[in-house]
Structure formats: C-alpha cells, structure tokens
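> Here's a structure for you.
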Amino acid sequence: MAQTKESDAKQFKISYEYDPGYRMIAANGLHGGITPRGDLLFDLFAEYTKPPKSVNVSIAPEGKVTEERIGEPLLVRRLQMGVLLSLDQVESFAIWFRQKADEIRSMRENIHEHSQPE
C-alpha cells in the first residue's frame, strides 16, 4: 500500500461568513430527544429565577432596610433556539466538544498552578 505524502494532500481555503440573522445567545441548559427519523433535536435555554412583580421596601427608624417580594418565585427556562443534528453530526460534535473540554480543563489547571504562592 502506497503511503500518502503530506505534499500530496489537497489543500483548500474555507471562508467564514456571518448569516444576517446570526446572534450570540446565552444558554445554560438544554432539553430534547431523538426524532422519529433518528435525528437529535434539542432546544438551548437560559434558566433563571424570574424577578418579582414588585418589592415592598421598609426602612426602620434605626436604618435597617427590609424587602418583601410580591409574587411567588418562579423558575423560567427561556428557550433560545432549537438545533437539529444527524447521527454523524452528533458524533462529530461530541469529539469536538470533548477536545474543547480537555483544553479548558488544561487551561484552568495551568492558571491554578501559576496562581498558587510559592
């Protein structure tokens, strides 16, 4: 079997362009599952506690401030976007995510090592 030399490899340039609808989103969670066609469909969401409708503030004569929330605390999951991936894309993304997680972990370890007093 002939070996391929690096100089024999085909090279090409990839250009990145932003879609007019591009936006960066915040997401700290996801929810989804497998579609009937065998793809993975998930929604990215931002989870947070909804602020109260109002707050009653009291200031005692000695200056102590107290607040009373009006309305029940409510956990909100604001769906940001949906993503549909084929099995091949899921497997490819999984490899990429694992590599990036390893890079982040290594970077954090290096920062931690250099921040320790000697």
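Laboratory data are not the source of any read-out in this text; all were calculated from the coordinates shown. These numbers come from a predicted model, not from an experiment. Backbone-built Cβ (ideal geometry, glycine too); neighbour counts: all protein chains shown.
> How many residues are aliphatic (A, V, I, L, M) and surrounded by 11 or more Cβ atoms within 10 Å (Cβ to Cβ) when one looks only at the range 27-73?
Just the residues of the range 27-73 that are aliphatic (A, V, I, L, M), to begin with: 27, 30, 34, 40-41, 44, 46, 55, 57, 59-60, 65, 70.
In the following step, the residues that additionally are surrounded by 11 or more Cβ atoms within 10 Å (Cβ to Cβ) were identified as 27, 30, 34, 40-41, 44, 46, 55.
Number of matching residues: 8.
> Among the strands (runs of 3 or more DSSP E) contained in the range 1-94, which hold 1 or more residues that are of a type in the set (Ser, Thr, Tyr) and in contact (Cβ under 8 Å) with a residue 12 or more places away in the chain?
Values: elements: 29-34, 40-50, 54-59, 65-70, 74-85.
Correct list: 40-50, 54-59.
> Right, something else. If Lys13 satisfies every condition in (1) within 30 Å of Ala94 (Cβ to Cβ); (2) surrounded by 10 or more Cβ atoms within 10 Å (Cβ to Cβ); (3) basic (Lys, Arg); (4) more than 17 Å from the chain's Cα centre (by Cα) but one, which is the exception?
It fails just one condition, (2).
For every residue, the table says whether it meets (1) under 18 Å from the mean Cα position of the chain (by Cα); (2) over 30 Å from Tyr22 (Cα atoms).
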{"position": "Gly63", "(1), (2)": "no, yes"}
{"position": "Thr66", "(1), (2)": "no, yes"}
{"position": "Ile70", "(1), (2)": "no, yes"}
{"position": "Leu84", "(1), (2)": "yes, no"}
{"position": "Leu87", "(1), (2)": "no, no"}
{"position": "Ala94", "(1), (2)": "yes, no"}
{"position": "Gln99", "(1), (2)": "yes, no"}
{"position": "Arg105", "(1), (2)": "yes, no"}
{"position": "His112", "(1), (2)": "no, yes"}
